[in-house]
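What follows is calculated from the coordinates using simple rules that are stated; it is not laboratory data. Please read all numbers here as calculations on a predicted model, not as lab measurements. Here Cβ is always computed from backbone atoms with ideal geometry, including for glycine, and neighbour counts include all displayed protein chains.
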Amino acid sequence: MSVTIKDVARMANVSVASVSRALNGHSGVTAETQKRIREVAARLRYVPHSAARSLITRRTQTIGALLPDLHGAFFSELIRGIDLAARKRGLYLLVSSSHGDATEAAIALRAMQGRVDGLLVMSPHADRAFLDENLPIVLPTVLINSHVRSERHAALDVDDYGGALAMVEHLTGLGRKRIVFIAGPEVNHDVQERERGYRDALARAGMGDTATVLSGDFTEESGYRAGREALAMQPRPDAIFAANDMMAIGCLSALAEGGVRTPDDIAVVGFDDIPMARYVSPPLTTVRLRIAELGAQALDLLAEQVDDESEPPVAERRLIPTELVIRSSCGGTAKRG
């Protein structure tokens, strides 16, 4: 038979309430009594019954996260940041992916209801109608990099526009005249903002009519294909700005196969600063987004929403800054990372 909280209380010669307070870190129990209770619980190998605790606290101690994908360095870092921040708060993480499908996103959101205390949502399908249909008003939710502006949901946005603007201004400052942009999925809010920054920077430099956008989908393979396409252009570009690092890395491979010297012939830059970016050849200039920190801040913002007693919680919007990391692939002077 499994050990119960009553067994721990009897062995420690205290009340059940004292055991509960001691094991949950609440006040009202002396340090000596708490130590004795914890020693007894460890000796008996007592495991608190999470379902019973949830009935009392009305909390599952679990946070849900809906992401567009789980593959790749970006999402690995994002999940790591979320999970580390959750563990610091004694919370657990339930992760699901929509795999780019709106129906799958809706199913995942509905499946997590009742199992989580709050939700982190990063999805290209998360417009106002989608959220209204699939999320109850009372469930705390934080939107990550969403175009939705809602008084119901807190949001955490990356300054994609500002980062892209700064990167293209850096390239034009180096004298690059024919800068091509490799975009990601059309419905992705990050991509839209990064392309907007790219176009505005060219316009400010009096080069708006030179804007050229190649298609991509955030994978290395699509970056490779875009690189091959750039090689066939006449005249060739003298710089390529990929909307994420994975596409920039694929592009570097295509250019190397084509006998192009980077950055002498064509500069290549990316966005995100995934760990691999500094180890490719040449090391990749990119826009640094502290991915794990983004995940941690999203979790912290959600935890604040969960603890907020107002119904619904007061929505808050935060903007995460980005920064340029100058390495060898752009032809500029390496400054950091």
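Going by alpha carbons, how many degrees (0 to 90, nearest 10) lie between the helix axis of 73-88 and the longest principal axis of the chain?
Around 30 degrees separate the two axes.
By how many nm would the segment from A17 to T219 lengthen if fully extended, with 0.36 nm per residue of separation less the alpha-carbon distance? It would help to have the intermediate numbers written out before the result.
Details: separation 202, 0.36 × 202 = 72.72 nm, distance 5.41 nm.
Gain on extension, A17 to T219, equals 67.3 nm.
Give me the angle, in degrees from 0 to 90, between the Cα long axis of helix 245-257 and the longest principal axis of the Cα atoms of the chain, rounded to the nearest 10.
Value to nearest ten degrees: 40.
To the nearest Å, what is the center-to-center distance of segment 250-324 and segment 170-240, using C-alpha atoms only?
Each part reduced to its Cα centre gives a spacing of 17 Å.
Which of F241, F74, F271 comes first, and how do the rest follow, when ranked by fewest Cβ neighbours within 10 Å?
Numbers: F241 33, F74 19, F271 29.
Ordered by Cβ neighbours within 10 Å, fewest first: F74, F271, F241.
Could you work out how far helix 102-112 tilts from the main Cα principal axis of the chain, as a 0 to 90 degree angle to the nearest 10?
Around 20 degrees separate the two axes.
Can you tell me the convex hull volume per residue for the chain, based on C-alpha atoms, in Å³ to the nearest whole number? Before the final figure, lay out each step's value.
Values: hull volume 55.5 nm³, N = 337.
Here the figure is 165 Å³ per residue.
Any idea how far apart E39 and K6 come out in nm if each label point goes 7 Å out from Cα toward Cβ?
Taking the simple label geometry, E39 and K6 are separated by 2.6 nm.
What FRET efficiency comes out for R128 versus D69 if R0 is 35 angstrom and r is the Cβ-Cβ distance? Round to the nearest 0.05.
Numbers: r = 23 Å, r/R0 = 0.65.
For R128 and D69, the calculated efficiency is 0.95.
Please rank E323, E133, fewest neighbouring Cβ atoms within 10 Å first, as an exposure proxy.
Working: E323 16, E133 10.
Listed from fewest to most nearby Cβ atoms, that is E133, E323.
Quick check on the chain: helices-only [θ] at 222 nm, where DSSP H runs of length 4 and up contribute -39,500 (n - 2.57) each and the sum goes over total residues. Nearest 500, please. Intermediate results must be reported in sequence, preceding the final value.
On the way: 12 runs with 144 residues, N = 337.
Per the formula, -13500 deg cm²/dmol.
Over segment 5-48, how many percent of alpha carbon pairs lie in each 10 Å bin up to the one with the longest distance?
Pairs per bin, as whole percents: 34, 62, 4.
Considering the convex hull of the alpha carbon atoms of segment 114-158, report its projected area averaged over all viewing directions, in nm², one decimal.
On the way: hull surface 12.3 nm².
Value for segment 114-158: 3.1 nm².
Cut-off is 10 Å between beta-carbons; in what order do C330, C251 appear when sorted fewest neighbours first?
Numbers: C330 25, C251 35.
Ordered by Cβ neighbours within 10 Å, fewest first: C330, C251.
Determine, for each peptide in 284-290, 89-95, the mean count of other beta carbons within 10 angstrom over its residues, then list the peptides with the highest first. List each step's numbers first, then the result.
Working: 284-290: 25.7, 89-95: 16.0.
Packing proxy ranking, top to bottom: 284-290, 89-95.
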